[in-house]
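Undergrad: My questions all concern the structure below.
The values are calculated or read from the model by the stated rules, or taken from the named source; none is laboratory data. Model, not experiment: these values are computed from the prediction. FYI the Cβ positions are ideal-geometry reconstructions off the backbone, even for glycines, and counts take in every protein chain you see.
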């Protein structure tokens, strides 16, 4: 039994919206810097992450409103988001390395556990935040590097909190708070890169 309220369910859409804005900015700024296969990988990953967040927020709202417990929307969150982060991280790495071929990482088809998804998420998040920090340094916006570091810490904190008992209202509000702060930091960092001229910057 989860202690969700309608307000809590609605609040869950806030970090999703913040992430969506950040990703639109990133996709616009990085489109002309990525080989097509790298951008496809990055775009597919970010779309996966966005869908995962939206569906989990929808599950929470439906549950809070007493309409239904559409549990599959919650259970698919971790694998969908983890694969999304891994693909997005791989895409942004490929932007720097310009590899000729990209390896697609998928969970073993008969694997039913969740442990495999945690390294995928950590690697993907680490790659994204590290590459954005490199871009910040190249654009002489080193003040944004701590922003991306703190963003990564918030994401990791969110992952830890998600592994705890999420049935209480207090724990859910803490999770949402950490998630929202992380998304705000990402948006601040991405917006800073955008204002610094990332879209017109030529990678060397």
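Undergrad: Please verify whether residue 204 is at pLDDT below 90, under 24 Å from residue 36 (Cβ atoms) and part of a loop (DSSP other than H, G, I, E, B), treating the condition exactly as stated. Step through it out loud before you land on a result.
TA: Values: at pLDDT below 90: yes; under 24 Å from residue 36 (Cβ atoms): yes; part of a loop (DSSP other than H, G, I, E, B): yes.
Criteria met by residue 204.
Undergrad: Looking at this structure, is residue 174 assigned to a helix (DSSP H, G or I), at pLDDT 90 or above and touching a helix residue (DSSP H, G or I) at 6+ places or on another chain (Cβ under 7 Å)?
TA: Working: assigned to a helix (DSSP H, G or I): yes; at pLDDT 90 or above: no; touching a helix residue (DSSP H, G or I) at 6+ places or on another chain (Cβ under 7 Å): yes.
So residue 174 fails the test.
Undergrad: Mind telling me which of the residues 37, 31, 63 ends up being touching a helix residue (DSSP H, G or I) at 6+ places or on another chain (Cβ under 8 Å), touching a residue at least 24 places away in the same chain (Cβ under 8 Å) and over 24 Å from residue 180 (Cβ atoms)? It would help to see each step written out before you state the result.
TA: Details: 31 fails: touching a residue at least 24 places away in the same chain (Cβ under 8 Å); 63 fails: over 24 Å from residue 180 (Cβ atoms).
Answer to the selection: 37.
Undergrad: I want to confirm something. Restricting to the stretch 146-171 and keeping residues that are within 14 Å of the chain's Cα centre (by Cα) and at pLDDT below 85, which single residue is surrounded by the most Cβ atoms within 10 Å (Cβ to Cβ)?
TA: This residue is 158.
Undergrad: Sort through 55, 61 and tell me the only one that's modelled with pLDDT of 90 or more, in a helix (DSSP H, G or I), buried (at least 16 other Cβ atoms within 10 Å of the Cβ) and within 19 Å of the chain's Cα centre (by Cα).
TA: Numbers: 61 fails: within 19 Å of the chain's Cα centre (by Cα).
The conditions single out 55.
Undergrad: Would you confirm whether or not the stretch 183-195 contains a residue that is surrounded by fewer than 17 Cβ atoms within 10 Å (Cβ to Cβ), over 20 Å from the mean Cα position of the chain (by Cα) and under 30 Å from residue 31 (Cβ atoms)?
TA: There is at least one residue in the stretch 183-195 that is surrounded by fewer than 17 Cβ atoms within 10 Å (Cβ to Cβ), over 20 Å from the mean Cα position of the chain (by Cα) and under 30 Å from residue 31 (Cβ atoms).
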